Amino acid sequence: MDWERSFTTFGVTLMLIGIGLILIPILLRLIPSIEPEKIPWLLLYVYRGDNFFFATSPLLIIIAVASLLWNLTHR
């Protein structure tokens, strides 16, 4: 029963991270005063193409993968 609770918590955490990652490009587009180039790349990575705008957080990805590995190895 305890592993189900930790697995559920992990799932909710990943959903919140996903929502945050979806909101990052929207906020950067709506608030032009934020300069993504001045934010450390580990916190925010931004790719801008012709009509394509992609932003993510490598730190959050690393935390999510580490948490997944931790939960899988410590059942």
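Using all C-alpha to C-alpha distances in the chain, build P(r) with 10 Å bins and read off the rounded percent in each one.
For the chain, the binned pair fractions read 17, 41, 24, 14, 4 percent.
Can you tell me the length gained on complete extension of the stretch F53 to L30, counting 0.36 nm per residue apart and subtracting the Cα distance?
Working: separation 23, 0.36 × 23 = 8.28 nm, distance 1.23 nm.
Between F53 and L30, full extension yields an extra 7.1 nm.
Suppose every Lys and Arg Cβ carries +1 and every Asp and Glu Cβ carries -1, with no other charges. What dipole size does region 1-56 come out with about its Cα centre, to the nearest 20 debye?
On the way: 4 positive and 5 negative charges, 26 e Å.
Computed about the Cα centre, the dipole is about 120 debye.
For region 2-73, build the charge dipole from Cβ charges (+1 Lys, Arg; -1 Asp, Glu) around the Cα centre, then report which of F54, L30, L68 sits farthest towards its positive end.
The residue sitting most towards the positive pole is L30.
Show that you can apply the helix-only estimate: for the chain, add -39,500 (n - 2.57) for every DSSP H stretch of four or more residues, divide by all residues, and state [θ] at 222 nm to the nearest 500. Intermediate results must be reported in sequence, preceding the final value.
On the way: 2 runs with 45 residues, N = 75.
Calculated mean residue ellipticity at 222 nm is -21000 deg cm²/dmol.
Every read-out reported here was derived from the displayed coordinates using simple, explicitly stated rules and does not represent laboratory data. Bear in mind the structure is a predicted one, so any value in this text is a computation, not a measurement. Backbone-built Cβ (ideal geometry, glycine too); neighbour counts: all protein chains shown.
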